[in-house]
Amino acid sequence: MTTTVNAESRFLEVNGLRLHHVDWGNPAAPTIVCVHGFRGNAHAFDGFARRFRDRFHVLSVDVRGRGDSDWAADGVYTMDAYVSDSRRSSRRSAWRASASSAPLWAAGSACSTPAATPTNSSAS
C-alpha cells in the first residue's frame, strides 16, 4: 500500500523570529530533522524527503536568515544563536527526532536539541 504524503510549509515563532520548516507528513513515524548547509535552505532535502517520507516523519528547517525564515534584526548569526533556535523550536513543536541530518557547520545546532540525547539518538 502506498501512502501519499504532501509537504507543508510551516512556521514557528522562536527567539523573536519566524522560522520556517517543511513538514513532509507521516507524524506517527520516527522523525528525522534535516538542517541545511551554510548557503542552503530547507528545500535542499526535498529529494531525500520524497524518498523516505513513507517510512519517516521528515522535517527540513530553514535556519535564521536563510530560506523563508526571518533575518535576525540584531544581526546575530552565531552558533549559540542557531543552537538556541534549534532547542526552542524543538520544545515549541514537541519534535522528538530519532535522527538528525546536517552538514558540519550545522551539526552543532542539530545535535544540541533536547531530542538529540543518548536516549533518543544513535551514533554510528
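Give the range 5-64 a look and list any residue that's surrounded by fewer than 16 Cβ atoms within 10 Å (Cβ to Cβ), under 13 Å from the mean Cα position of the chain (by Cα) and either among the β-branched types (Val, Ile, Thr) or assigned to a loop (DSSP other than H, G, I, E, B) (or both), or say none.
37
Only one of these is surrounded by 22 or more Cβ atoms within 10 Å (Cβ to Cβ), assigned to a loop (DSSP other than H, G, I, E, B) and of a type in the set (Gly, Ala, Ser): 69, 86. Name it.
69
The numbers here are math on the coordinates, done by the rules we state, and not lab data. Not measured: the values here are computed from a predicted model. Ideal geometry is used to build each Cβ from the backbone, glycine not excepted, and the neighbour counts take in all protein chains shown.
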